[in-house]
Amino acid sequence: MSELKELTMPEVIKEINRLAKIKKERELNAKESAYREELKVLYLKYFRSGFEQQLKSTKVIDANGNDVTPSKLKKEGEKNDKQK
């Protein structure tokens, strides 16, 4: 899996799609199936990380224009800003 960590999100998606196309034509062998599972795990890792970053940078504004972002989310966002 060390070689997988070097793949970017678009490359992971491309590989998953390549294997999906092969699977439509024939059954995947054991090595291909294991590789596909590793790719799926890596995809979910990237997705969750990106989604977490998006949530940390979210600001909630009510109809009156007041910032009503939950304090826990504000703290995470501030912590995230300091790390940059």
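Screening the chain for helices (runs of 4 or more DSSP H) wholly inside it with 1 or more residues that are at pLDDT 90 or above and among the small types (Gly, Ala, Ser) returns the ranges 9-25, 30-56. Only one of the numbered conditions (1) surrounded by 13 or more Cβ atoms within 10 Å (Cβ to Cβ); (2) of a type in the set (Asp, Glu); (3) under 15 Å from the mean Cα position of the chain (by Cα) is not met by GLU15, and that is (3). Residues in the range 1-53 that are among the aromatic types (Phe, Trp, Tyr) and more than 30 Å from LYS72 (Cβ to Cβ): TYR35 only.
So that you can scan it fast, the table gives a plain yes or no per residue for (1) touching a Ser or Thr at 6+ places or on another chain (Cβ under 6 Å); (2) open to solvent by 70 Å² or more (accessible area, probe 1.4 Å); (3) touching a residue at least 40 places away in the same chain (Cβ under 8 Å):
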position: LEU4; (1), (2), (3): no, no, no
position: ASN29; (1), (2), (3): no, yes, no
position: ARG36; (1), (2), (3): no, no, no
position: ARG48; (1), (2), (3): no, yes, no
position: LEU55; (1), (2), (3): no, yes, no
position: LYS59; (1), (2), (3): yes, yes, no
position: THR69; (1), (2), (3): no, no, no
position: LYS72; (1), (2), (3): no, yes, no
position: LYS75; (1), (2), (3): no, yes, no
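The values are calculated or read from the model by the stated rules, or taken from the named source; none is laboratory data. These numbers come from a predicted model, not from an experiment. When we count neighbours, we look across all protein chains shown, and the Cβ atoms used for this are built from the backbone with ideal geometry, even at glycine. The area values use the complete protein model at the heavy-atom level, side chains included, leaving out ligands, DNA and RNA. Shrake-Rupley method; radii C 1.70, N 1.55, O 1.52, S 1.80 Å.
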